[in-house]
Each structure stands twice: as C-alpha cells, then as structure tokens.
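Structure first, commentary second.
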C-alpha cells in the first residue's frame, strides 16, 4: 500500500509540471461531453442574513444561458433581516428551516426533499455566476457516475490587500494544483460556493456530512472512496465575496484547515482504500507541515550571503527548488489571470502570496493543534466575509 501511495505522489508531482506546460501552450484537457445533455436543474441557495448580497446572486441566476433551470430555492436559515422578502420579490421559492441549523450542510440537507429534478446546483448567497457557468458545468454530469462538478473561483470584489492576495491564491492554486488534481481524476474539494450534483448519487452518498465543518471537502472524499467521480471545470466561473480584512481571512482559512483535519480524523485508514486520494492527502499534509521551513531557509541563506559564508550544497538545492517554484507559480498565475481577464491582478497579486504564506503556515499549525492535540473540534460555521 505504501508503494502505491509513493507512486501516486510521483504522479502528483509529474502532473504539476504537466499542467504548468499545458497552461503555457493553452491546452485544454477536458474530454468531449455531449452538448445535448440538458437535464432540468434546481438551484439551492443557503442563506442567513444575506439581504445585502442575495439580490445580486439571484439576478445572476436569472441571466444564466442554461434554459432548463426548473426552480431556484433559497433556504432561509432563520434570518432576522429581509433575505426571504427579497428572494420572493425576485421569484425564488423560499424554504425556511424551523430553527437556525448553525451550519451550511444542515441547511442544504433540509432543502433536498424539495428538489424534484435529477440535477441540482448549490451556490452561496454571496456569490454571482458568469452567465455561462451553469451551461458549462452541467454537461460534465452526463455519464451517471459523476457525483459532482465544481467551477473556478474569482473574488467578486478585489480592493483590499486580503482580497488581492486571495485572488492570486485562486489563480495560482486552482490554476495549477486543482488542475493537476483534475489531471489525475482526483479533485480534493467540490467547492461549496458553486457546484453541480447528480441527485441520485448524492443521496446514495448520504448527502452533505453534518459532522464536518468543511462539508464540501468531506463529501468529495466520501465520493472518491465510494468510486464516484468528481470533476473540476475551470471555465465555469463563480464570483464569491471574499474576506476583506485579516479577521475575516483568518476565520475563513482556519475553517478550511480545520475541516481538512476533521476529514482526516473522520476517514482515517479508510483513505487507504483509495491510494490516489491518500497520496494527495499525505502530500498536502506534509506540505503544510514543512512550508514554515521555507522562511527559515530563506533567512539562513540570506545570513550566509551577508556574512560572506559559503552556502552548502543542500542550501543551494533548496534555493533551486524555491526558484523553480516561483517561476512555475508566477507563470501559471499570469496565464490563468490572462484567461480570466484578471491579468493585472495576477501580476501584482502573486508577490503577495509570499507575504501571506507565513501566516497561512501558522494558521495551518494552529488548526492542527486545535483539532488533533487539544481535541477542540470546530462546529459552528461562520461566514468568510
């Protein structure tokens, strides 16, 4: 089993370079999908006190080029504002939970019995869609074995330092790493802000896990373990509101990281049933643990140069890997920025990743300590903006 994990780690590394080259020459890896697959679709919009943003979300749904959207259901999780009133004004069906559920997963699961179409789409109440987003993502469910397909994410507003940094993170991370995951048929997360689902397979998988703060990641891993497919469609674009301040950024990233550790705790050795999934999980766990060492080596190398010392062969190798990472990362970010009309944001935003990387590492280690060492499981879902 360890041998298979080792071979899959090799596959991951090779895929990263393959995808970098593919992006450079503009290759698309999507296999042909039937353009005549046009099932009726229900759109679910979980919402809690979203009166400031839900109008834009619903209006973007009204502008979709996909013609078979049967119903839009807003799940009002006991809001105290005008969320329901605005949704009804714009023609959406409103389903209200008996009491606040506390998590997005419970709110969405509450609405599943109201879905009468073979396919449904989930979208956050603070997220707008490119007019062609649903049209582009639905065909990837045609084979009857794909539980979910997710799209590309670009922040809706890009003004503050944190929004600019997050934009670069998406252009780089989704553009390279998630494309590599798709390259080997192993996306780790079908993003909660915008995904399409096969209703039958979704129910077979037990719906959204309610005991995990990252329900989208938990469901994705479960789908892989059950033998279902998850797909990533990079030209189906959504635009969520992203954290504008450090406090909001910290809250969102901590939730994501703690969800990652909760998934590992939930599935444990079951991950070994899918060596490719286990390899990816191990890869990201190791990368999260060793990433703080980059800062240490950078300071150490700088000190050696400043003091006139001779760098060791090991330190030169580390710097070499670092430079390759920078070149591949910056190239991917710029190319993906050009593809998504965010070239300026890509050019100016990528350097910000090196500023927030130490913060991300600290949050990763903090989340691991909270979830695994202190056994302080995060259970309350908080918004990321």
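Return the residues of segment 361-371 that are modelled with pLDDT of 95 or more and either in contact with a strand residue (DSSP E or B) (Cβ under 9 Å, 6 or more places away or on another chain) or closer than 15 Å to residue 246 by Cα (or both); say none if nothing qualifies.
363
Taking the options 237, 213, name whichever one is within 29 Å of residue 113 (Cα to Cα) and in contact with a strand residue (DSSP E or B) (Cβ under 7 Å, 6 or more places away or on another chain).
Residue meeting the stated conditions: 237.
Mind listing whichever residues of segment 125-145 are in a loop (DSSP other than H, G, I, E, B) and surrounded by fewer than 23 Cβ atoms within 10 Å (Cβ to Cβ)?
Correct list: 126, 130, 131, 132, 142, 143, 144, 145.
Please enumerate the residues belonging to segment 196-208 that are in contact with a helix residue (DSSP H, G or I) (Cβ under 7 Å, 6 or more places away or on another chain) and crowded, with 22+ Cβ neighbours inside 10 Å.
Result: 196, 198, 208.
Can you give me the number of residues within segment 60-84 that are part of a helix (DSSP H, G or I) and out of contact with any strand residue (DSSP E or B) (no Cβ under 8 Å at 6 or more places or on another chain)?
Going through segment 60-84 one residue at a time, the tally reaches 1.
With the structure loaded, tell me whether residue 300 is assigned to a helix (DSSP H, G or I) and modelled with pLDDT under 90 or whether it fails that test.
yes
Please name all residue pairs, on different chains or six or more residues apart, with Cβ atoms under 7 Å, provided the first residue is in segment 116-130 and is more than 14 Å from residue 72 (Cα to Cα) and the second residue is surrounded by fewer than 24 Cβ atoms within 10 Å (Cβ to Cβ) and at pLDDT below 95.
Cβ pairs passing all conditions: 126/385.
Within segment 146-181, count every residue that is more than 22 Å from residue 350 (Cβ to Cβ) and either surrounded by fewer than 22 Cβ atoms within 10 Å (Cβ to Cβ) or modelled with pLDDT under 95 (or both).
Number satisfying all stated conditions: 1.
Regarding segment 85-101, can at least one residue be identified that is buried (at least 19 other Cβ atoms within 10 Å of the Cβ), touching a residue at least 40 places away in the same chain (Cβ under 8 Å) and in a strand (DSSP E or B)?
Within segment 85-101, none of the residues are buried (at least 19 other Cβ atoms within 10 Å of the Cβ), touching a residue at least 40 places away in the same chain (Cβ under 8 Å) and in a strand (DSSP E or B).
Table: residues versus (1) within 28 Å of residue 68 (Cα to Cα); (2) part of a strand (DSSP E or B).
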| site | (1), (2) |
| --- | --- |
| 167 | no, no |
| 173 | no, no |
| 179 | no, no |
| 196 | yes, yes |
| 223 | yes, no |
| 237 | yes, yes |
| 242 | no, no |
| 250 | no, no |
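The values are calculated or read from the model by the stated rules, or taken from the named source; none is laboratory data. Keep in mind that what you see is a predicted model, and the values were worked out from it rather than measured. Note that each Cβ is placed from the backbone with ideal geometry, even for glycine, and that neighbours are counted across all protein chains shown.
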